[in-house]
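Got a structure for you, written out below as structure tokens; questions coming shortly.
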Amino acid sequence: MAPRFGCVLGVSLAALVHGSSVINPFSGKCLDVEGESTADEAGIALQGCTDSESQRWKLVEGGALMNFKSGKCLDIKGGSGLTGVWDGTEMILYTCNGGDNQMWVYGGGFIKNPSSGKCLDIAGESKEAGTKVIIYSCHEGENQQWGFSVVMAMMAPAYGKCLDIRDGNMEDGTEAVIWTCSGRKEQQWMLVNGVVINPSSGKCLDIQDQSTSDRAHVILWTCNGGENQKWEDRGGAVVNPYSGKCLDIKGESSSDGTHVILYTCHGSSNQDWMLFGNVRRAALSAGGGRQEL
């Protein structure tokens, strides 16, 4: 069966065993190999999430992160001697060799190289696509926060409809609605560290005006780490912890274009959500019965 939210909103490196994107939730962008290169010493940068193989990483023995497309590893430029490694040293792709400069541990949202004691970092705290990814002294900043996810659809199983952005408009403030599942970019989501990101826009699922009121609109907005962009699983319901209220289909309607809103949790089917790790599979499931994933 398709998973409920608890499998993915709770971040785990187990998700990396089969490969996933590595996302900075405050920029809404992914760890990417520049130019989709497979060459040694190719640069690593921040880019809009595409779910391409150059953005997918697999955990391998010892704690290395292997790139799916190239079969090569995330590496601190300059070799395995990490004594005195400089802040700002660039990350590269390199043939996997088991060196200390290719080993990583994950905890608290940070990806840390244990030999140097430094963290994976976005240069200059930038959110811009193309920004270099570097190694830097750990400081708990937003540019050192990372999580793991794959592109998913969010379906209301009782209605057979998917969470969608109205008219495919990726501008700040566009309303979230339900729509017949199709696999289009406006129905694609990545879930990481309690944030729900649309990878095509790099923007987050947000409660308009930070409202905690019933019937507040749920919208797309630039990711900012606000409490109105945080979500957690509670038995299939998707809850905003700040308000304690649930992601709700307005009026229990199954019509295309129905608003998705914030509402007091009550356990009805219009507050029940399910994930599909393949958005096209979600469309098939909605059209003709559940499919096994």
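Laboratory data are not the source of any read-out in this text; all were calculated from the coordinates shown. Everything numeric in this text was worked out from a predicted model, so none of it was measured. Cβ sites come from the backbone with ideal geometry, for glycine too, and all protein chains shown count toward neighbours.
Starting from 0 in steps of 5 Å, tell me what percent of the Cα-Cα pairs of region 20-148 lands in each bin.
Using 5 Å bins, I get a P(r) of 2, 13, 24, 28, 22, 10, 1, 0 for region 20-148.
Moving to a separate point now. Setting aside same-chain residues fewer than 8 positions from Lys230, which aspartates and glutamates have a Cα under 20 Å from its Cα?
Candidates past the 8-residue exclusion: Glu140, Glu142, Asp164, Glu171, Asp172, Glu175, Glu186, Asp206, Asp209, Asp214, Asp248, Asp272.
Restricting to Cα pairs below 8 Å that are 6+ residues apart, what does the relative contact order work out to for the chain? Please round to a whole percent.
Working: 800 pairs, mean separation 57.5, N = 293.
RCO, the chain: 20 percent.
Can I ask one more? Rg to Rh ratio, the chain, alpha-carbon atoms and Kirkwood radius? Don't skip to the answer; put the middle values down first.
On the way: Rg = 19.3 Å, Rh = 19.4 Å.
That ratio is 1.00, to two decimals.
In whole Hz, with x marking every Gly and Pro, tabulate ³J(HN,Hα) for region 217-227 from phi via Karplus 6.51 cos²θ - 1.76 cosθ + 1.60, θ = phi - 60°.
Once rounded to whole Hz, the list reads 6, 9, 9, 9, 8, 3, 4, 9, x, x, 5.
Another question, if that's okay. Using the Cα centre as the reference, give the magnitude of the dipole from point charges on the C-beta atoms of region 105-259 (Lys, Arg: +1; Asp, Glu: -1; all else neutral), rounded to the nearest 20 debye. Could the numbers behind the result be given before it?
Values: 14 positive and 20 negative charges, 87 e Å.
Its charge dipole is roughly 420 debye.
Right, something else. Can you show me the helix-derived [θ] at 222 nm for the chain, built from DSSP H runs with n ≥ 4 at -39,500 (n - 2.57) apiece and divided by the number of residues, rounded to the nearest 500.
On the way: 2 runs with 14 residues, N = 293.
It lands at -1000 deg cm²/dmol.
Taking the 0 to 90 degree range and rounding to the nearest ten, how far is the long axis of helix 279-288 tilted relative to the main principal axis of the chain, both from C-alpha atoms?
Roughly 30 degrees, rounded to the nearest 10.
Something else: Among Gly257, Gly117, Gly147, which one shows the biggest mean-square fluctuation in a GNM of the chain, springs joining Cα atoms closer than 10 Å?
Gly117
Please report, in debye to the nearest 20, how large the charge dipole of the chain is about its Cα centre when each Lys and Arg carries +1 at its beta carbon and each Asp and Glu carries -1 there.
Values: 24 positive and 34 negative charges, 135 e Å.
I would put it at about 640 debye.
Nearest 20 debye, what's the magnitude of the dipole of region 25-68 about its Cα centre given +1 on Lys and Arg Cβ and -1 on Asp and Glu Cβ? Present the calculation step by step, with values, prior to reporting the outcome.
Details: 3 positive and 8 negative charges, 46 e Å.
Taking the Cα centre of region 25-68 as origin, the dipole is about 220 debye.
Neighbour counts of other C-beta atoms within 10 Å: give me Thr95, Thr50, Thr131 arranged from fewest to most.
Details: Thr95 12, Thr50 16, Thr131 19.
If I rank by nearby Cβ atoms, fewest first, I get Thr95, Thr50, Thr131.
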